[in-house]
Amino acid sequence: MSFLQFKFWIFICVLILLYYLLPKKFQWVCLLIGSYVFYALAGINTMGYILFTTVTVWVGALFISKLHLNMKKNLKENKDSLTLENKKGIKALTKKRQRIIFLCVLLINFGILGFLKYFNFISKNITDLLGIIERHNIDPFQLKLLLPLGISFYTFQSIGYLIDVYNGKYEAERNLFKFALFVSFFPQIVQGPINRFDSLAVQLYERHNFDLRKFEYGIQLILWGLFKKMVIADRAVAFINETFNNYGKYGGAITVVSILLYSLEQYADFSGGIDVAAGIAELLGISMAINFKRPYFSTSLGEFWRRWHITLGAWMRDYIFYPLALSKKMGKLSKLTGKHLGKRAGKIIPVAISNIVVFLVVGIWHGANWHYVVWGLYNGIILAFSSILEPFYEWLKKITKVNCENFSYHVFRIIRTFLIVNLGWYFDRAGRLQTSIYLLKNTFLNFRINELFDGTIYKLGLKDTDFTILFIATLILFLVSVMQENGLRIRAFLSEQNLVFRWIVLYIIIFMIISFDASSENLFGGFMYAQF
Amino acid sequence: MHNFKLVFFKVIIFCLIFFIISYGLSFALVPKGNYSRMILNEMHADENNLDLVFIGASLSERDIDPYIVSDKLKLKAFDYGFSQQSFIGTYYALKELFDYQKPKTVVLTMDEDTAQDIDEKSLVYISVAPYMKSFFNKAEYYFASSSDGSYLDRIFPWRGYVVKNMLDLINNVKGKLDKSYEDYPRSGDIDAVKNNKNGYVGNGYVRFDPNDKDGKLGYDNIKLYSYKMKVSEIPDKNIYYLKKMAELCKENNSKLILISPPMPTFKVLRVTNYFDFDDNVAKAAKDLGIEYYNFNLIKPSIFKSENDYFADSDHLNSKGAAVFSNSLSEFLKKDENGEDLSKYFYDKKDYLESIKYISTAWFNWNKDGDNISFKANGFYGSSVTPLYQYVLTDTDTGKETVIRDYSTDPNFEFNPAGHSKYKIRLNAKVKGSADNDNIRYYEETIR
């Protein structure tokens, strides 16, 4: 079941009615049952996986917490009789036991995710390698594996919770059902955001009175999300699919247009879906983490990844980047490079390596294909080198006397970042690494600009009316983004206007969604990130 | 604390304005109702009870002349078919019918295409549902026929079904405001059209004049149907709705009969498992207590199909419909009298033997080095031996040359050396027939 299906909105209406009509102490129970009904309707065959993750992480976290509490109790009760050595020993033993539980739960759950997502990919690559060595084709051993809905998102979210408990950030949740709600909360399950336990759980379990302002905001956010998804993303996807599925037919100019549309489509689809999810949560009085902050206004690649899929970036930062960059091994490396290459190098190299590792993981997370790996490495390497080359950039700015504070330089940085990101999309969107390379070569060596003017562009899934609609819708998106970038809070601004103005805006959005919805023609299984 | 009464009031007003805008867009943009509207309006307005109703898709709309049937059987017959309607739509249309009329007999027309069709297209729904009077019927029809991607199309028809330009928009609005449109059918409206040679003539019947360019099927150069195919069993969904129709008829003391009207012979012969499919339909009908008659297998004593009876590959023209309607009326009389009607139908062997002509012919070709290999094929009866002739036409000079005279061998290898641009025509005739007697041809430009 997806946000684009009629039965989903029937489900939401019924759920919201029950949520606010039931006694408030049962609201979280209502959400839990609703979430599992949603999950069951989406695919009951794979429900076992989310249940398994929920139970194992809950049990693991509980044991870790219990060990910590027992240690504290022991130390407190025997604080006079224990020596410093004893205390250190107790702490070390507790930590060791916690680590064992932590690693077991972590490996089992990431193991399941890895197996389901990457088994066939690894098997095929090993078989190909063997085939090269033995000089004949070998059929790869492949399994028909069904990927459970939202497995990446709920696994990351659960493991994030486990890591926080392990690090002593907060105590484990004792109620299995409440924890199950945190894992399975249905608006977030399809494609995130990846919420943190300490910010979401409180809201999930507390009692909510009906808040009209929040409800209105929720509806507005849902409409905005549907506008982006149904009018922009689902319209652009026809062109993108045609050009990427038949890339040999077209020149570089068409590819560039396709990549630019992909830039737009990916953002509209993903952020649109997140807006719908967040809007639904707001209808229930719950605020989820922000996941997008107008990423195409970024002035550097680093900033882009702090504005795009923010919760995944934050997860990677907190649970991979920092632990890696601040690890003992990195510390030793830092000392070594500092000694031989200078103090600055000693600081930058561990950060650069950590960035590359993080983006390698992000690339792999995107999918079981080499082009995703290359895409991840591309971003990681650029980030790594941007900090390494910073002195060079400063020197360049100095000798060219560039004014870095003015508007034109700001625009230059945005465009530069946009181009870097779009170059990366060649590796993200193409179905294979060879296709990405072919498309890049095509772009630079076989541009065929005439294809933009000889009518070819209207034979790729979009008519001239579609381009007009896309242009107008993108313009609206751009204007709204500019206003938000300048600090205007759109929904608050709207709520301050007179009723007639507010209603005109709402009617325009609603009728644009209904009139220009392209999702019925291009219903490619819902939201693109739901496959992760 | 919220003033819920005020909030509730605002929500109602917001929704009301929304529906007014949507209605306005529908009124202005959605084209004026076509035949479906007229058919439903006539059905609602007919105060003399309809005795015999033909339901289904366009087969009912075009293949049966209700005026002839009414005259022959001395009752009131009515075509109640809606183009491209699936069994779902037919069921809900029938439900609507029974709210206003009590026909003694309901005849459902189908062929192998309509039997397989389980999706009710949005356009079909939009053409019919707005003119149904029963709200609950409409709502049920909406939920039963909609699927993901089509819910919005049906509630907001102006999303995709709109006039083409501003002039059409103005004419559309003017037309909808016209009294004759609003009040259709007024007294005399049907009589004014019933003798028209072409188009809608009242009582649900759409006439196609065989002398019109769209009124006569050509049997030559039909590449579209030049392949054999298999059809699957009737989908469960359609069996379900057939059952519901049978139950509905029973509740309303009406007899339901299922028929397959005549089609061009090649449409029967191209389906390799046609008779299995037909048996399937017969069994399903029998299980549901419905009489079933396939007029493609009817013997000439009741109805003899001729090539010039067809407007296209699916429908009869007015000439064919007239003859068929006469035959059908006689047939229904016999049915009413309790006569055993099975004797009027061929079995598979006899049917195939009865086809003593070639319905269509074509060839396939492929390049084989310097040569081109042709293979002729056709749809013909089991007692027919076809003869094939290949003729080359130089497209520059127009000169025709027989490159292979009539032979039973469908295969022919040809070296096109010396010819750059040319057409190959295949002539096919029955062995033993006179020279120019019923020759079918197929022509293709070879590059």
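Once you reduce region A:281-308 and region A:1-53 to the center of their Cα atoms, the two points are 25 Å from each other.
The calculated FRET efficiency for the pair B:Ser373 and B:Tyr240, based on their C-beta separation and a Förster distance of 45 Å, comes to about 0.40.
Pairwise Cα distances in region A:1-114 exceed 16 Å for 72 percent of all pairs.
Buried surface for the A/B pair, taken as the accessible area of each chain alone minus that of the pair with a 1.4 Å probe, is close to 1700 Å² in total. Computed from phi, the 3J(HN,Hα) profile of region B:405-422 under the Karplus parametrisation 6.51, -1.76, 1.60 (θ = phi - 60°) reads 6, 4, 8, 6, 6, x, 8, 7, 9, 9, 9, x, 4, x, 10, 9, 10, 7 Hz, with x in place of Gly and Pro. Taking N as the residue count of region B:1-61, its C-alpha radius of gyration divided by 2.2 N^0.38 Å amounts to 1.98.
Once the partner protein chains are put back, region A:5-23 shows a loss of at least 50 square angstrom of accessible area, versus the chain by itself, at A:Phe6 (probe 1.4 Å, ligands and nucleic acids excluded). Of interest is the spacing of the C-alpha centroids, which for region B:410-430 and region B:112-149 amounts to 49 Å. For the cross-link pairs B:Lys133/B:Lys237; A:Lys249/B:Lys223; A:Lys91/A:Lys335; B:Lys138/B:Lys334, the ones whose C-alpha atoms lie over 31 Å apart are B:Lys138/B:Lys334.
The fraction of accessible area contributed by carbon and sulfur in region A:252-401 is 69 percent, rounded to a whole number (1.4 Å probe; ligands and nucleic acids excluded). Sorting A:250-256, A:173-179 by average packing, meaning the other beta carbons within 10 Å per residue, from highest down gives A:250-256, A:173-179. Taking a straight Cα-Cα cut-off under 23 Å and skipping sequence neighbours fewer than 8 places away in the same chain, the lysines within cross-link reach of A:Lys339 are A:Lys328, A:Lys329, A:Lys347. The residues of chain B present an accessible area of 48 Å² per residue when probed at 1.4 Å with all protein chains retained.
For region A:435-486, the ratio of Cα radius of gyration to the globular rule of thumb 2.2 N^0.38 Å stands at 1.60. I'd like the distance between the alpha-carbon centres of region A:457-519 and region B:1-77, rounded to an integer number of Å. Region A:457-519 and region B:1-77 have Cα centres spaced 34 Å from each other.
Taking every alpha-carbon pair under 8 Å whose residues sit at least 6 apart, region A:15-134 reaches a relative contact order of 22 percent. Within the accessible area of region A:79-204, the carbon and sulfur atoms contribute 63%, probe 1.4 Å, all protein chains present. With an 8 Å cut-off on Cα pairs and a minimum separation of 6 or more residues, tell me the relative contact order of chain B in percent. Normalised by residue count, the contact order of chain B is 15 percent. If the viscosity is 1.567 mPa s and the temperature 4 °C, what Stokes-Einstein diffusion coefficient in µm²/s follows for region B:94-211 when Rh is the Kirkwood radius over Cα pairs? Result for D is 74 µm²/s.
DSSP finds beta bridges in the protein assembly as shown, and of those with both partners inside it, around 65 percent are antiparallel.
Note on A:Asn86 and A:Ile133: the model spin-label points, each 7 Å out from Cα along the C-beta direction, lie 5.7 nm apart. Net charge dipole, the protein assembly as shown: roughly 6100 debye, given to the nearest 20, about the Cα centre with Cβ charges of +1 for Lys and Arg and -1 for Asp and Glu. Evaluating 6.51 cos²θ - 1.76 cosθ + 1.60 at θ = phi - 60° for every residue in region A:184-201, the Karplus couplings come out as 9, 3, 5, x, 8, 6, 5, 8, x, x, 8, 8, 9, 4, 5, 9, 8, 4 Hz, glycine and proline recorded as x.
Report the Stokes-Einstein translational diffusion coefficient (µm² s⁻¹, integer) for region A:275-339, Rh taken as the Kirkwood radius over Cα pairs, at 10 °C with viscosity 1.306 mPa s.
Values: Rh = 14.3 Å.
Stokes-Einstein gives a translational diffusion coefficient of 111 µm²/s.
Bridging of B:Lys399 to lysines at a Cα separation below 17 Å is possible for B:Lys421, B:Lys423, once same-chain residues fewer than 8 apart are set aside.
Put simply, the amide H of B:Tyr80, placed in the peptide plane, has neighbours under 5 Å in B:Phe54, B:Ile55, leaving out anything fewer than 5 places away on its chain.
Scanning residues 5 or more positions from B:Glu291 or on other chains, those with amide H under 5 Å from its amide H are B:Leu258, with H placed 1.01 Å from N in the peptide plane.
Length gain on complete extension for the stretch A:Ser199 to A:Leu107, per 0.36 nm per residue less the alpha carbon to alpha carbon distance?
Value of the extension gain: 30.6 nm.
With one equal scatterer per alpha carbon and no solvent term, the Debye-computed log10 I(q)/I(0) for region A:228-361 at 0.13, 0.14, 0.22 1/Å reads -0.77, -0.84, -1.21. Taking every Cα-Cα distance in the protein assembly as shown and sorting them into 20 Å bins starting at zero, the pair-distance distribution P(r) comes out as 10, 30, 33, 20, 6, 1, 0 percent. How many percent of the alpha carbon pairs in region A:95-212 exceed a separation of 25 Å? Every Cα pair in region A:95-212 considered, those over 25 Å come to 43 percent.
Shielding of peptide B:35-44 by partners, expressed as the average count of other chain Cβ atoms within 10 Å per residue Cβ, is 0. Modelled spin-label separation between A:Glu77 and B:Phe98, with each label point placed 7 Å from Cα along the Cα-to-Cβ direction: 7.8 nm.
A Förster radius of 25 Å combined with the Cβ-Cβ distance from A:Leu336 to A:Ser386 puts the calculated FRET efficiency at roughly 0.65. Taking label points 7 Å from Cα along the Cα-to-Cβ direction, A:Thr465 and B:Ala282 give a separation of 4.9 nm. For region B:271-377, the Kirkwood estimate of hydrodynamic radius, built from reciprocal distances between every pair of different alpha carbons, is 16.8 Å. Along region A:301-318 the Karplus relation, 6.51 cos²θ - 1.76 cosθ + 1.60 evaluated at θ = phi - 60°, assigns HN-Hα couplings of 5, x, 5, 4, 6, 8, 10, 9, 6, 4, 5, 5, x, 5, 4, 4, 5, 6 Hz to successive residues, with x for each Gly and Pro. Expressed as a whole percent, the proportion of Cα-Cα pairs in region B:9-137 lying more than 27 Å apart is 27%. Under 8 Å for C-alpha pairs, at least 6 residues apart: give me the relative contact order for chain A, rounded to a whole percent. 19 percent.
For chain A, a crude dipole built from +1 on the beta carbon of Lys and Arg and -1 on the beta carbon of Asp and Glu, taken about the Cα centre, is about 2400 debye to the nearest 20.
Annotation: amide H-H contacts under 5 Å for B:Thr360 (H modelled 1.01 Å from N, sequence separation of 5 or more, or interchain): B:Phe379. Solvent exposure of region A:352-466 amounts to 57 Å² per residue of accessible area, where only protein heavy atoms count and the probe is 1.4 Å. Relative to the globular-protein estimate of 2.2 N^0.38 Å, the Cα radius of gyration of chain A stands at 1.07.
Taking all pairs of distinct Cα atoms, average 1/r, flip it, and tell me the Kirkwood hydrodynamic radius of chain B in Å to one decimal place. List each step's numbers first, then the result.
On the way: mean 1/r = 0.0404 Å⁻¹.
About 24.7 Å, per the Kirkwood formula over Cα pairs.
Summed over qualifying helices (DSSP H, 4 residues or more, each -39500 (n - 2.57)) and divided by its residue number, chain A shows a 222 nm mean residue ellipticity of -24000 deg cm²/dmol. For chain B, the fraction of 1.4 Å probe accessible surface lying on carbon and sulfur atoms is 52 percent. On the basis of the beta-carbon distance and an R0 of 25 Å, B:Asp119 and B:Ala45 show a calculated FRET efficiency of 0.20. Only Cα pairs within less than 10 Å get springs; with that Gaussian network setup on chain B, which residue of B:Asn253, B:Asn427, B:Asn294 has the largest fluctuation? The residue with the greatest mean-square fluctuation here is B:Asn253.
What accessible area per residue comes out for region A:49-113, rounded to a whole number of Å², with a 1.4 Å probe?
Numbers: 4120 Å² over 65 residues.
Per-residue value: 63 Å².
The values are calculated or read from the model by the stated rules, or taken from the named source; none is laboratory data. Remember, it's a predicted structure, so these values are computed and weren't measured experimentally. FYI the Cβ positions are ideal-geometry reconstructions off the backbone, even for glycines, and counts take in every protein chain you see. Only protein heavy atoms, including side chains, enter the accessible area calculation; ligands, DNA and RNA are left aside. Shrake-Rupley method; radii C 1.70, N 1.55, O 1.52, S 1.80 Å.
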